[in-house]
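The values are calculated or read from the model by the stated rules, or taken from the named source; none is laboratory data. All of these numbers come straight from a predicted model, not from anything done at the bench. Reconstructed Cβ throughout: ideal geometry from the backbone, glycine too, with neighbour counts over all protein chains shown.
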Amino acid sequence: MTLEKENTEIQKVLEKVTILYAGDSGDGIQLIGNQFTNNTALYGNDLSTFPDFPAEIRAPLGTLAGVSGFQINFGNVEVFTPGDLCDVLVAMNAASLKKNLSRLKKRGTIIVNTAGFDKKNLRLAGIDPADNPLTNSSLEGFKVHEVDITKMTRENLKESSLGSKERDRCKNMFVLGFIYWIYNRSLDSTIDFLELKFKGKQEVLKANLKVLKSGYHFADTSETFSNRFEIKPAEMEAGQYRNIIGNQATALGLIAAAHRSEMNLFYGGYPITPASDILHELAKHKNFGIKTFQAEDEIAGVCSAIGASFGGDLAITASSGPGVALKAEAIGLAVMMELPLVVINVQRGGPSTGLPTKTEQSDLLQVMYGRNGEAPMPVIAAQSPSDCFEMAYEACRISVEHMTPVFLLTDGYIANGAEPWKFPSAEALEPIALKVKDPRAEEDAPYLPYKRNEDLVREWAIPGTPGVEHRLGGLEKDKETGNVSYEPENHQEMVKIRAAKVNRIAKHIPKQELDSGTTNSKLLILGWGSTYGAIKTAAKELKSEGVDVAHAQIRYIHPFPENLGEILSNFDQVIIPELNDGQLIKLIRDRYLIDAKGLNKIKGLPFQAQEIKEEVLNHLK
Amino acid sequence: MPEVLKEKEQNKLTAKDFSSDQDIRWCPGCGDYSILKQVQSVMPELGIPKEDIVFVSGIGCSSRFPYYMNTYGMHSIHGRATAIASGLKASRPNLSVWIVTGDGDSLAIGGNHFIHLLRRNFDVNILLFNNQIYGLTKGQYSPTSEIGKRTKSTPAGSLDHPFNPLALSLGADSTFIARALDRDPKHLKEILLRAERHKGTSLVEIYQNCNIFNDGAFGSFTDKSAKKDNSLYLEQGKPLVFGADDDKGIVLDGFQAKIVSLTDGKTSLDDLWIHDEKDRNKANILVRFFDDNASDASALPRPFGVFYQEDRNTYEDGLTAQLKKEVELKGSPDLNKLLAGANTWEKKS
């Protein structure tokens, strides 16, 4: 669409902006968050997002419990987190303002939908109507823009044949149009999206487009803002980029690994928050020959994958903590049978059902140790939404090349978060070194399914291959023939062999590197997984303030990179920030006997860079 | 593999070829031996190369079965053989997949996977060894034990109503339901052949005597003196006749099955219920021939044979067709296109 020439000449150029969209869970907040994200990505800003929504699909209307939020941090500089505090808060109702005001910067901007501050909404938010924040001066110091978005939406759609509920549902488009104007954006990406989404629903499409444009023009003509803002495209490495969400990246990593290695991909799983989007994404691409199997429960999910792996497929299951607990026995079977299997744990707050839609890193020890018997498994963790791609690919590689089930850890934060991704070309992706057992003549010596190579890896002999028929099972087996064995010496040896096999993977993974700082820095911040962005931001800011700290982010947790001990030995102080009550720290202390200190946040929320900075400064006092 | 070798395999296989080198560890006198023998002897008749056959089991006495078969096999975990076999069959539709399970494995801990396998109708065969007891854990009552069963875990008698495995299977929309006996090997072999030839999930319940913990549980169907009066062998298109001298029959009175005498001159063979495996309504009544008190003269005999058979699309055929259709709709896989997604932008250096 061509927009009329804007009457506002002045454009204020900003380096970085954080917007928090907040409203009722039925207000379409996630949708406009995602729309703004795609638009921002296409514009060329670096960005990071944090969707934060209630576990209930329709939590009680207007209440604090029902508030849904979507935070985006974007800029023309490198962006590693969704931002600590926001510059702009969009509040669709009283509850969303009350819940999020503390996350707004001093002198920040608030855009409120005044219709969301009537008596009823105030009461639902637990605010005394006499104490309406829009009238009681509690918002002094902030730049408040009051717009009756609901009313304007209704006005726009007076002529529409849609019902009143459907009309009101368009109000998120008003907000989106409004924000697009402020940040000097084209509406095209959202117009394209709406046209696709409401194909065949002309009336709904018309209404949404009308309200979107109306929001845009209203911002323009109402002179609510004296100027518009521009955040110039970011300086990023040259290449092709796209926007990517973590779970989507995980799914693409799996598909790419299978496709490049000419393997069939099988996914067996059961719906669970926040992992289901991996299944959804895979199911979209069945033309790649992907077999997705929505099983009757978590156990059947992993067991079907084990069956497919026995059949020679690249087999995957994904879940979150509660589902992984259910799968534990079957994963132990895969350890025992030494079959490839990738198990993805998209962590969420626990224990038990815990905080299903909130993030946490509290399943590390579960995946390390949560199986009966001595059942060691490789564990790796993704550090950002786009890194989910690489680590999913790595999980497949390790699993197949070392004939072992592998755990890949991500979490709700990076699984639902988005960032620009300089995606690779297919040709640049190294195929997995797949070695399956060839047919052999029956007359040869008996087939030994547990004979191993120098990495202690056994062969993958797949049903359908003549001459290598064999039986696998959960019972302890003789170290070569694979026959059931209860021999005491054999059992001890097999336990040691299975552990050594996993440990030898260390020879086939990248060495640990420092993300920033040097081995001469005063202190090392050692993170793992999704804390990467917050720690990186903190380290960068500390450096600019003259504080010399180093940062290393571990992605390979079991086995650790071979040189990790050497790196750690350079530092007098090591801080380990984790979104749990101290789990990696136990592994580090156990393995390297160092006096690392923990920084633990267990609020269902990611770290803010500020929190890490403060902790570092405390240690350096 | 050289073509010659392949030919040799298919042509000359005998039951012995399907016997692994492992010592069999079931108790002497166990009904499992007879079943193993029949399975091994039926294998060469299937015309399926040995390497294309897979036995998957769970946990329990019966689940040791795969170790004794010289095919591919997996002795998995308790209750999950059905789920594992589902994944295997989905990934490799051409394999002949056999699930060996027991009454505890399939109906207690594995009950959920069992019913879901049946409704999905993967083309696999389930051999459900029913001995109405937990053998491997040394004698606790099972989901098929009769009420009042006194075992180590129920010294005062069990309280729970037993499952009727065939009624459960029919309820889960199984497409092939049959019952056989360890002590009637000839019949068992026929049923195994039928099971393999059925396209879809074939559920074969096999009454299996546990001579250690539940000896004689099926005596009324196996003891010479009693079996003819208590068992009814189903044959497609044939009237339901049983009794020591084939002197009794079954008629259908409304929805009620009744025993009639064939010697009192009142009823002839033409009046009897004619077995029709395709008749789901009749199958529903047949699976309910489940009276426990076999000494009661009015008690219905226990049927053996194929109760029901239906042709319905298998899950794996549906899956294969869907994947093919997706390629038609979306085109051949293009990884570069997938990685790029719908919206990209370029950063120039």
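Scanning the range A:48-78 for residues that are among the aliphatic types (A, V, I, L, M) and crowded, with 24+ Cβ neighbours inside 10 Å, we see that the one that is nearest to A:Lys171 (Cα to Cα) is A:Val67.
The set of residues in the range A:148-182 that are among the aliphatic types (A, V, I, L, M) and within 34 Å of the chain's Cα centre (by Cα) comprises A:Ile149, A:Met173, A:Val175, A:Leu176, A:Ile179, A:Ile182.
Quick grid of which residues meet (1) over 21 Å from A:Ile380 (Cα atoms); (2) touching a helix residue (DSSP H, G or I) at 6+ places or on another chain (Cβ under 8 Å):
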residue: A:Pro488; (1), (2): yes, no
residue: A:His491; (1), (2): yes, no
residue: A:Ile554; (1), (2): no, yes
residue: A:His558; (1), (2): no, yes
residue: A:Ile567; (1), (2): no, no
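Within the range B:249-279, if we keep just the residues that are without any contact (Cβ under 8 Å) to a residue 24 or more places away in the chain and in contact with a Ser or Thr (Cβ under 8 Å, 6 or more places away or on another chain), the residue that is farthest from B:Leu181 (Cα to Cα) turns out to be B:Thr267. Sub-8 Å Cβ pairs linking a first residue in the range B:159-173 that is of a type in the set (A, V, I, L, M, F, W, C) to a second residue that is surrounded by fewer than 17 Cβ atoms within 10 Å (Cβ to Cβ) and assigned to a loop (DSSP other than H, G, I, E, B), at least 6 apart or interchain, are B:Leu159/B:Ile147; B:Ala167/B:Arg288; B:Ala167/B:Phe290, ordered by first then second residue. Against the list (1) surrounded by fewer than 18 Cβ atoms within 10 Å (Cβ to Cβ); (2) in the same structural domain as A:Cys303 (by TED's automatic domain parsing), the condition A:Asp455 fails is (2). Checking each residue in the range A:572-618 for being under 21 Å from A:Asn520 (Cβ atoms) and touching a Lys or Arg at 6+ places or on another chain (Cβ under 8 Å) picks out A:Asp572, A:Gln573, A:Val574, A:Ile575, A:Ile576, A:Asp595, A:Ala596. Taken together, the criteria place A:Ile245 among residues that are β-branched (Val, Ile, Thr) and within 19 Å of the chain's Cα centre (by Cα).
Scanning the range A:45-60 for residues that are touching a strand residue (DSSP E or B) at 6+ places or on another chain (Cβ under 6 Å) and assigned to a loop (DSSP other than H, G, I, E, B), we see that the one that is nearest to B:Lys348 (Cα to Cα) is A:Asn45.
If you go through the range A:316-329, how many residues are within 27 Å of B:Gly331 (Cβ to Cβ) and within 7 Å of chain B (Cβ to nearest Cβ)? Total meeting the criteria: 0. Keeping to the range B:94-116, report how many residues are more than 13 Å from B:Ile77 (Cβ to Cβ) and within 13 Å of chain A (Cβ to nearest Cβ). Residues flagged as more than 13 Å from B:Ile77 (Cβ to Cβ) and within 13 Å of chain A (Cβ to nearest Cβ) within the range B:94-116 amount to 12. A count restricted to the range B:234-273 and to residues that are part of a strand (DSSP E or B) and of a type in the set (A, V, I, L, M) stands at 7.
Do the conditions hold for B:Phe290, that is, is it under 21 Å from B:Leu168 (Cβ atoms) and either modelled with pLDDT under 95 or within 14 Å of another protein chain (Cβ to nearest Cβ) (or both)? In short, yes. Among the residues of the range B:118-138, at least one is surrounded by fewer than 24 Cβ atoms within 10 Å (Cβ to Cβ), at pLDDT below 95, more than 9 Å from chain A (Cβ to nearest Cβ) and touching a Lys or Arg at 6+ places or on another chain (Cβ under 8 Å). Scanning the range B:70-93 for residues that are under 11 Å from A:Ile306 (Cα atoms), in contact (Cβ under 8 Å) with a residue 24 or more places away in the chain and either in a helix (DSSP H, G or I) or more than 7 Å from chain A (Cβ to nearest Cβ) (or both) yields B:Ala81, B:Ala83, B:Ile84, B:Ala85, B:Ser86, B:Leu88. Residue pairs whose Cβ atoms lie under 7 Å apart, separated by 6 or more positions or on different chains, with the first residue in the range A:15-27 and farther than 19 Å from A:Asn172 by Cα and the second of a type in the set (Gly, Ala, Ser), are A:Glu15/A:Gly75; A:Lys16/A:Gly75; A:Val17/A:Gly75. Quick check: anything in the range B:229-251 over 21 Å from B:Gln38 (Cα atoms) and of a type in the set (Phe, Trp, Tyr)? The answer is yes, given that some residue of the range B:229-251 is over 21 Å from B:Gln38 (Cα atoms) and of a type in the set (Phe, Trp, Tyr).
Scanning the range B:242-267 for residues that are modelled with pLDDT of 95 or more and among the basic types (Lys, Arg) yields a single hit, B:Lys248. Among the residues of the range A:191-228, the one identified as surrounded by fewer than 16 Cβ atoms within 10 Å (Cβ to Cβ), of a type outside the set (S, T, N, Q) and at pLDDT below 90 is A:Glu223.
Where in the range A:453-572 are the strands (runs of 3 or more DSSP E), entirely inside, with at least 2 residues that are at pLDDT 95 or above, away from chain B (no Cβ under 14 Å) and over 21 Å from A:Ile398 (Cβ atoms)? The qualifying strands (runs of 3 or more DSSP E) are A:523-528, A:549-554. The number of residues in the range B:50-59 being at the interface with another protein chain (Cβ under 7 Å from one of its Cβ atoms) and either under 16 Å from A:Cys303 (Cβ atoms) or in contact with a helix residue (DSSP H, G or I) (Cβ under 7 Å, 6 or more places away or on another chain) (or both) comes to 2. Do we have B:Val204 as at pLDDT 95 or above, under 23 Å from B:Asp291 (Cα atoms) and out of contact with any Gly (no Cβ under 7 Å at 6 or more places or on another chain) here? Answer is yes for this residue.
Among strands (runs of 3 or more DSSP E) lying entirely in the range A:343-447, which contain 2 or more residues that are within 15 Å of the chain's Cα centre (by Cα) and away from chain B (no Cβ under 14 Å)?
On the way: elements: A:379-381, A:405-411, A:418-421.
Filter on the range A:343-447 gives A:379-381, A:405-411.
In the range B:301-342, which residue that is closer than 17 Å to B:Leu203 by Cβ and in contact with a strand residue (DSSP E or B) (Cβ under 7 Å, 6 or more places away or on another chain) is nearest to the other protein chains (Cβ to nearest Cβ)? Filtering first and then ranking leaves B:Tyr308. Does any residue of the range B:193-201 turn out to be in a loop (DSSP other than H, G, I, E, B) and basic (Lys, Arg)? Scanning the range B:193-201, I find at least one residue that is in a loop (DSSP other than H, G, I, E, B) and basic (Lys, Arg), so the answer is yes. The requirement of being of a type in the set (Lys, Arg) and touching a Ser or Thr at 6+ places or on another chain (Cβ under 8 Å) is fulfilled nowhere in the range A:191-204; no residue meets it.
Here the condition is being in contact (Cβ under 8 Å) with a residue 24 or more places away in the chain and touching a helix residue (DSSP H, G or I) at 6+ places or on another chain (Cβ under 6 Å); of B:Phe290, B:Phe307, it holds for B:Phe307 alone. Cβ-Cβ contacts under 7 Å between residues 6 or more apart (or on different chains), taken from a first residue in the range B:325-349 that is part of a loop (DSSP other than H, G, I, E, B) to a second residue that is not polar (S, T, N, Q), are listed as B:Pro333/A:His259; B:Pro333/A:Phe288; B:Gly341/A:Arg242; B:Asn343/A:Leu42; B:Asn343/A:Arg242; B:Lys348/A:Ala238; B:Ser349/A:Ala238.
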